[in-house]
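Here's the structure we're looking at; comments come further down.
Every number in this text was worked out from the coordinates using simple rules, so none of it is lab data. None of the values given here were measured: they were computed from a predicted structure. Positions of Cβ are generated from backbone atoms using ideal geometry, with glycine treated the same way; all protein chains shown enter the neighbour counts.
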Amino acid sequence: MESALVGCPAVITYIVSPLTYWIAIRMVTIKFAGIANIIANRYVCPEVIQFEATPEALARELLPLIPDSPERKTMLDGYAEIRTLLGDGGAARRAAQVVLDELGKQKESQLT
């Protein structure tokens with residue numbers, strides 16, 4: 001999220017214990033792992049998760065973001081959209097609310 005707010009290209013990566021990952025993929029149905037992507041409701045930042053998080057995969061996602069490239073511009077444009085969605089003040093509170101809203105939708109869908 002901080003990368004989005006300051007306009008620094010990034011790749012989101014998470015690696016957790018295999019048990020935690022196994023539990024998470026069965027309980028969480030949200031489409032994205034990164035808060036920036038959750039807020040945008042689309043992939044703004046690439047996500048390289050768990051077993052996919054190899055040095056080669058990270059390099060493949062990061063290298064196009066280093067030069068002034070179309071991929072970098074697309075990401076920075078997405079960041080601008082996120083900053084617009086969050087507004088000027090209270091961004092942390094609104095970001096948390098978006099995440100809570102998504103989790104609430106997930107819980108409701110599990111109940112029906």
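So what is the 222 nm mean residue ellipticity for the chain from helices alone, if each DSSP H run of at least 4 adds -39500 (n - 2.57) and you divide by all residues, rounding to the nearest 500 deg cm²/dmol?
It comes out at -18000 deg cm²/dmol, rounded to the nearest 500.
Taking amide H as placed 1.01 Å from N in the peptide plane, the amide H of Val48 sits under 5 Å from that of Ile12, Thr13, Tyr14, each at least 5 places away or on another chain.
Rounded to whole Å, the principal axis extents of the Cα atoms in the chain read 46, 37, 19, largest first.
Under a model in which nothing but the beta-carbon of Lys, Arg (+1) and Asp, Glu (-1) is charged, the chain shows a dipole of about 300 debye around its Cα centre. What's the longest bit of the chain with no exposed trypsin sites (Lys or Arg not before Pro), using DSSP loop states and at most 14 other Cβ atoms within 10 Å as the test? The segment 43-112 is the longest one with no such site.
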